[in-house]
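Engineer: Provided herewith is a single structure, encoded as structure tokens, for subsequent inquiry.
The values are calculated or read from the model by the stated rules, or taken from the named source; none is laboratory data. Note that this is a predicted model, so its numbers are computed, not measured. Cβ placement follows ideal geometry from the backbone for every residue including glycine, while neighbour counts extend to all protein chains displayed. We work out accessible area using only protein heavy atoms, side chains counted, and drop any ligands, DNA or RNA first. Shrake-Rupley method; radii C 1.70, N 1.55, O 1.52, S 1.80 Å.
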Amino acid sequence: MILKDILNGIEGLKAKGDLDIDIKGITHNSREVKEGYLFIARKGFDSDGHMYIKDAVANGAVAIMVEEVAKINKTDVNSDTIIIVTKNTRADLAKVASNFYGNPASALKLIGVTGTKGKTTVTFMVKSILEKQGLKVGLIGTVANYIGDENLGESERTTPDCIELQQLLRRMVEENVEVVVMEVSSQSLKLHRVDTLVFDVGLFTNFSRDHIGPTEHPTMEDYFDSKLKLFNMSKVGYINTDDFRVAKVKNIEVAAEIKSYGIDNAADLIAKDITVTNVSADFKIKIGPRNERVKVGIPGRFSVYNSLAAICASMHFGAEAEAIKEGLVNVTVPGRSELVPNKKDLCIMVDYAHSPDSLESILKAVKGYTKGRVITVFGCGGDRDAAKRPIMGEISGLISDFTIITSDNPRTEKPEAIVQEIEEGIKKTKGEYVMIANRTEAIKHAIEMANKNDIILLAGKGHETYQEIDGIKHPYDEREIIQKLMG
């Protein structure tokens, strides 16, 4: 593609060189540069892309995009290297990627889902309902990316980086996808990954403490404001009126038309007559002129909220009552309230709960229908919000019958140190617990102490199939671990 077309829509840029040159590819990673590429130098948390301009040019970059404040050494570039200067290369990367891949989003209907928890479940629910309605659906999210039943693999992030995202959307257009439902993380909104997208529907599921740290959000206000950006990129926004922070959106001026759903408070779509069992939740809602009874195959009151969000988005695209009911009753979401079959017929559930609010929600849900004890195995990730560790320890101590504090993606921190911080919270309760930093040994301990009336909740990893230690992701699938421990 011609360089000047790739730069279309970028305001205030300055350029030195021939903008009519043909560009073979774009990247912000100097190691991925090939002959004829445009290299976009952007600043990250750990490194500054401007430091790798020399490498990019050596690898074949014919053009580079840099920020105004950057200083370029003459020895780092060739005499004919085209230099584009902009105010913010991170923000402009989204426009560059969209232009390079032909603005694929313009040919798709987009649904964006944000919120502290529930994003993954809601996207799978929407996909299931709309497919029952006969639409071809693409999904982009934490677990994996899909076109229909085809699993395209997992992205490194909940919401892919600009270039990968535009590549995915282009492929979806080429495979005749009609609607794309995607998780939109607060980080993706803050760091401009989804700039240029216009969402037909935006969903804000809930808001609670998570992702607070030096490489994420400095404050809860920044976290909330980042999520709120979705409603300035959406035509219609749906909010959960039972979440007091999310409910405030209706009093904030945003571009989207705001509609709502809920259980306890006034809303456009309300669930009534709710019944929760150990395998499902069902409720009544009004669809058109009729009251319909809907059943979702995931237990817990939180499943009702997730279902309502999915129903709102699906009805926007014409989903009828039968499609909604069929789409929800058999929906499955990897790593979300997932029961793991095993030789001992124990009730073992894997769930991604990794924040205080999500841990409390799943614990309250399983506590309500478990005949025996709730045995919880969980840890907290390293290099992330340390303040939530004692909070989660206290939550488990108050609700679980027995807690095994363990490791969960310690990254560059010592697992034992994280475990001790969690313990500070559980010590405030009368809850029984033990600390076993090795996660496999912790799971083994839970299996050995459990009987068939108990439930073992393995919280935190969910769909993940790795354990991240010192920058290396080691294979670690809890489903496989369970099978090996049981011989």
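Engineer: So Y146 clears everything in (1) under 22 Å from A256 (Cα atoms); (2) free of Cβ contacts under 8 Å to residues at least 24 places away in the same chain; (3) of a type in the set (S, T, Y) except one condition, right? Which one?
Structural biologist: Among (1) under 22 Å from A256 (Cα atoms); (2) free of Cβ contacts under 8 Å to residues at least 24 places away in the same chain; (3) of a type in the set (S, T, Y), the lone unmet condition for Y146 is (1).
Engineer: Name, by its number, the condition in (1) over 30 Å from K227 (Cα atoms); (2) surrounded by 21 or more Cβ atoms within 10 Å (Cβ to Cβ); (3) in contact with a helix residue (DSSP H, G or I) (Cβ under 8 Å, 6 or more places away or on another chain); (4) among the aliphatic types (A, V, I, L, M) that does not hold for V96.
Structural biologist: Status for V96: all satisfied but (1).
Engineer: If I filter the range 174-194 down to residues being at pLDDT 95 or above and not aliphatic (A, V, I, L, M), which single residue comes out as surrounded by the most Cβ atoms within 10 Å (Cβ to Cβ)?
Structural biologist: E183
Engineer: Against the definition (open to solvent by 10 Å² or more (accessible area, probe 1.4 Å) and of a type in the set (D, E)), how does E478 come out, yes or no? So that I can check it myself, show each step before the final result.
Structural biologist: On the way: open to solvent by 10 Å² or more (accessible area, probe 1.4 Å): no; of a type in the set (D, E): yes.
So E478 fails the test.
Engineer: Taking only the range 236-271 into account, find how many residues are within 13 Å of N306 (Cα to Cα) and in contact (Cβ under 8 Å) with a residue 40 or more places away in the chain.
Structural biologist: So the answer is 7.
Engineer: (1) within 30 Å of E432 (Cβ to Cβ); (2) surrounded by fewer than 18 Cβ atoms within 10 Å (Cβ to Cβ); (3) of a type in the set (A, V, I, L, M, F, W, C); (4) touching a residue at least 12 places away in the same chain (Cβ under 8 Å): which one isn't true of I274, the others all being true?
Structural biologist: It is condition (1) that I274 fails.
Engineer: While we're looking at this one, here's another question. Out of curiosity, is E292 acidic (D, E), over 18 Å from D264 (Cα atoms) and open to solvent by less than 50 Å² (accessible area, probe 1.4 Å)? Walk me through how you get there before you give the answer.
Structural biologist: Numbers: acidic (D, E): yes; over 18 Å from D264 (Cα atoms): yes; open to solvent by less than 50 Å² (accessible area, probe 1.4 Å): yes.
When the stated conditions are applied, E292 passes them.
Engineer: Return the residues of the range 253-264 that are of a type outside the set (D, E, K, R) and either out of contact with any strand residue (DSSP E or B) (no Cβ under 9 Å at 6 or more places or on another chain) or assigned to a strand (DSSP E or B) (or both); say none if nothing qualifies.
Structural biologist: Initial filter on the range 253-264 (of a type outside the set (D, E, K, R)): 254-256, 258, 260-263.
Listed by number, the residues that qualify are I258, S260, Y261, G262.
Engineer: Go through (1) at pLDDT 95 or above; (2) open to solvent by less than 20 Å² (accessible area, probe 1.4 Å); (3) farther than 27 Å from A323 by Cα; (4) not acidic (D, E) one by one and return the number of the condition N103 breaks.
Structural biologist: Only one criterion is unmet by N103, namely (2).
Engineer: Additional query: Condition check: crowded, with 23+ Cβ neighbours inside 10 Å and within 20 Å of I362 (Cβ to Cβ). Does L308 satisfy that? Even if it seems obvious, please write down each step before you answer.
Structural biologist: Details: crowded, with 23+ Cβ neighbours inside 10 Å: yes; within 20 Å of I362 (Cβ to Cβ): yes.
Yes.
Engineer: How many residues does the range 26-50 hold that are within 33 Å of the chain's Cα centre (by Cα), among the small types (G, A, S) and either surrounded by fewer than 16 Cβ atoms within 10 Å (Cβ to Cβ) or at positive phi (or both)? Quick ask: steps written out before the conclusion?
Structural biologist: So the first thing to find is which residues in the range 26-50 are within 33 Å of the chain's Cα centre (by Cα), and the list is 26-34, 37-50.
So of that shortlist, the ones also among the small types (G, A, S) come out as 30, 41, 44, 47, 49.
Among the residues that remain, those that are also either surrounded by fewer than 16 Cβ atoms within 10 Å (Cβ to Cβ) or at positive phi (or both) are: 44, 47.
The total comes to 2.
Engineer: Those residues that are surrounded by fewer than 22 Cβ atoms within 10 Å (Cβ to Cβ) and either among the charged types (D, E, K, R) or at pLDDT 90 or above (or both), I need them from the range 321-330; list them, please. Show your work before the answer.
Structural biologist: Initial filter on the range 321-330 (surrounded by fewer than 22 Cβ atoms within 10 Å (Cβ to Cβ)): 321-323, 325-326, 329-330.
Of everything in the range 321-330, those that are surrounded by fewer than 22 Cβ atoms within 10 Å (Cβ to Cβ) and either among the charged types (D, E, K, R) or at pLDDT 90 or above (or both) turn out to be A321, E322, A323, K325, E326, V329.
Engineer: Something else now. For K388, which of the numbered conditions (1) surrounded by fewer than 19 Cβ atoms within 10 Å (Cβ to Cβ); (2) touching a residue at least 60 places away in the same chain (Cβ under 8 Å); (3) within 25 Å of the chain's Cα centre (by Cα) fails to hold?
Structural biologist: Status for K388: all satisfied but (1).
Engineer: Is at least one residue of the range 189-198 in contact (Cβ under 8 Å) with a residue 60 or more places away in the chain, on the phi < 0 side of the Ramachandran plot, in contact with a Gly (Cβ under 6 Å, 6 or more places away or on another chain) and not acidic (D, E)? Full working, then the answer.
Structural biologist: We begin by selecting, within the range 189-198, every residue in contact (Cβ under 8 Å) with a residue 60 or more places away in the chain; these are 189, 191-198.
From what's left, on the phi < 0 side of the Ramachandran plot: 189, 191, 193-195, 197-198.
Filter once more, keeping what is in contact with a Gly (Cβ under 6 Å, 6 or more places away or on another chain): none.
Checking the range 189-198: not a single residue is in contact (Cβ under 8 Å) with a residue 60 or more places away in the chain, on the phi < 0 side of the Ramachandran plot, in contact with a Gly (Cβ under 6 Å, 6 or more places away or on another chain) and not acidic (D, E).
Engineer: With the condition kept exactly as written, say whether any residue in the range 399-406 is modelled with pLDDT of 95 or more and farther than 19 Å from Y352 by Cβ.
Structural biologist: Residues of the range 399-406 modelled with pLDDT of 95 or more: 399-406.
So of that shortlist, the ones also farther than 19 Å from Y352 by Cβ come out as 401-402.
Yes, the range 399-406 has at least one match.
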